[in-house]
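Structure first, commentary second.
Every number here is computed from the coordinates shown, using simple stated rules; none is lab data. Quick caveat: nothing in here was measured; it's all calculated off a predicted structure. Positions of Cβ are generated from backbone atoms using ideal geometry, with glycine treated the same way; all protein chains shown enter the neighbour counts.
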Amino acid sequence: MKIINQNIQIDGIDKKILRALIEDARTPILEIARYIGISGAAIHQRLRKLEKSGLIAGSKFVINPKILGYKTMAFIGIFLDKAMNNPDAVRQLKKIPEVLECHYTTGNWSILIKILCKDNEHLMHLLNKEIQTIPGVSRTETFISLEQQIDRQINI
């Protein structure tokens, strides 16, 4: 692996390691080592270098929200009175646990958020009582996701 001016070059072995871990982050290092044909220590070294370079930003378990009763996903475009209200609005949005993502955007909205709710009634409550009451929010535009059809990471 070479790091040149923050550009990282990964070789075929690095790619095999990353693909195995993207598929299942719980894959044992020794299993990956046997598959690739190098030692477990070499895999650990490469993973440390990839982490140090910033290419790997941790690992996580994925919770199935439907099991917890969260069945309505929505994207909400938030219009702010003034762009200077963005930091305050984001601070308030962070307090709402159903807000999964928050993006400062170009275009019509100032902010685009992704939220997860139990149902449409829960969504309406969040819109009316939580999001639209944030100072500086002039209006919102909501898109309900009927089904997520693609969920992937960047191709390695």
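Here are some notes:
- The Rg/Rh ratio for segment 104-156 is 1.04, where Rg is the radius of gyration of the alpha carbons and Rh is the Kirkwood radius.
- Residue-wise HN-Hα coupling along segment 34-47, computed from phi with Karplus coefficients 6.51, -1.76, 1.60 (Hz; x: Gly, Pro): 4, 4, 7, x, 10, 6, x, 5, 5, 5, 4, 4, 5, 5
- Farthest positive-ward along segment 2-53 dipole, Cα basis, beta-carbon charges - from Leu18, Ala33, Ser53: Ser53
- The Cβ shell under 13 Å around Asn64 holds other residues with a net charge of +1, Lys and Arg each +1, Asp and Glu each -1.
- Set Lys15/Lys95; Lys66/Lys129; Lys66/Lys95; Lys71/Lys94; Lys66/Lys94 screened for pairs whose C-alpha atoms are more than 28 Å apart: Lys15/Lys95
- The alpha carbon convex hull volume per residue for segment 65-145 rounds to 79 Å³.
- Taking amide H as placed 1.01 Å from N in the peptide plane, Ser110 has its amide H under 5 Å from the amide H of Ile78, Phe79, Leu80, each at least 5 places away in sequence or on another chain.
- Normalised convex hull volume, the chain, alpha-carbon set, Å³ per residue: 157
- A cut-off of 5 Å between modelled amide H atoms, ignoring neighbours fewer than 5 places along the same chain, links Leu100 with Lys114, Ile115, Leu116.
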